[in-house]
1. What's the number of the condition residue 212 fails, among (1) at pLDDT 90 or above; (2) assigned to a helix (DSSP H, G or I); (3) surrounded by fewer than 17 Cβ atoms within 10 Å (Cβ to Cβ)?
2. Among the numbered criteria (1) open to solvent by 60 Å² or more (accessible area, probe 1.4 Å); (2) in contact with a strand residue (DSSP E or B) (Cβ under 6 Å, 6 or more places away or on another chain), which single criterion is violated by residue 192?
3. With respect to residue 245, is the statement that it is open to solvent by 50 Å² or more (accessible area, probe 1.4 Å), among the hydrophobic types (A, V, I, L, M, F, W, C) and at negative phi true?
4. Name the single residue that is farthest from residue 116 (Cα to Cα) among those in the range 74-100 being hydrophobic (A, V, I, L, M, F, W, C) and open to solvent by 40 Å² or more (accessible area, probe 1.4 Å).
5. How many residues, within the range 1-43, are exposed (fewer than 10 other Cβ atoms within 10 Å of the Cβ) and among the basic types (Lys, Arg)?
6. Working only within the range 140-155, note down all residues that are at pLDDT 90 or above and part of a helix (DSSP H, G or I).
7. Which condition number in (1) surrounded by 19 or more Cβ atoms within 10 Å (Cβ to Cβ); (2) over 15 Å from the mean Cα position of the chain (by Cα) is the one that residue 71 fails?
8. Of the residues that sit in the range 231-242 and are open to solvent by less than 10 Å² (accessible area, probe 1.4 Å) and without any contact (Cβ under 8 Å) to a residue 60 or more places away in the chain, which one is nearest to residue 271 (Cα to Cα)?
Amino acid sequence: CDILEQPMGRSDVTKFSDGEISVSLKESVRGKDCFVIQSTSDPVNDNLMEMLIMIDALKRASASRITAVIPYMGYARQDRKAKARDPISAKLCADLITTAGADRVLTMDLHAAQIQGFFNIPVDHLLGAPILAKYFKEKMGDKNDEYMCVSPDLGSVTRVRNFAQRLDCPIAIIDKRRQKANVSEVMNIIGDVSGKKILLIDDMVDTAGTICNAAEALMKHGALEVSACATHAVLSGPALQRIEASPIKEFIFLDTIHLGKEKMLDKFTILSTAPYFADAIRRVYSDEPISIIFD
């Protein structure tokens, strides 16, 4: 709002004594272009319901267009049936947002890009890589040959390859085998990381098992130092303890999820996505192309 030089919409979001969420709009939105900004992070269900109820309130108050701005979309990892009788919760959430009355979704770094196809409304999918790459490019200067971008698992290879192109760095891949949920075992490293400064890149960090195991394996294979970056700092369970004890020198996150003081470590650097989202919101409002800001 500060960047766009616009006041925040006036509303009250409260809870009844039984936990039900109540939304009350304090100004007219008739005919207005409305943007509801809400990361559906912990507490996921409360944040999701707040957003749905707010969208419904705006729709019933005759807003002309409603855009759900979701910097971090919860349930995005439940995007397929991993085993028999599993739900596809990401599709359900997409249906809920559409049914509530959203006309468009603006989000960043979905866990799987094809989740955009779950929505029957336009989805603008922003990328965190330009912000993170700019930070590292300034830090590296002209010494990019000393660095290597590493994918912590096979699923992040495309993301890391695109990131490495921005920095003009080589890449390596960690091949791991997951034995059970939230537990990963590093198997081997594809690429020579000896004598290199490593940049580990992922879309989100939840329990931090994968990325911390990857950092330890890289140091054992001769890496000089390891830094890591991710768009979404979910940081649940033992994540903070693992990162603190890991050989990761610096961890860069974007502010798509708010981290309170209790979750801030000395290793953490938080970069703002506000200018990025503000530019996207302005372009949606004025019907300008958004693709230009991806680079």
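The values are calculated or read from the model by the stated rules, or taken from the named source; none is laboratory data. Just so we're clear, the structure is a prediction, and the values are computed from it rather than from any experiment. Glycine gets a Cβ as well: all are built from the backbone with ideal geometry, and neighbour counts include every protein chain shown. What goes into the accessible areas is simple: the full protein's heavy atoms, side chains included, and nothing from ligands, DNA or RNA. Shrake-Rupley method; radii C 1.70, N 1.55, O 1.52, S 1.80 Å.
1. With respect to (1) at pLDDT 90 or above; (2) assigned to a helix (DSSP H, G or I); (3) surrounded by fewer than 17 Cβ atoms within 10 Å (Cβ to Cβ), residue 212 is out only on (3).
2. Unmet for residue 192, out of (1) open to solvent by 60 Å² or more (accessible area, probe 1.4 Å); (2) in contact with a strand residue (DSSP E or B) (Cβ under 6 Å, 6 or more places away or on another chain): (2).
3. Answer is yes for this residue.
4. 84
5. Number of matching residues: 3.
6. The one that is at pLDDT 90 or above and part of a helix (DSSP H, G or I): 146.
7. It is condition (2) that residue 71 fails.
8. 233
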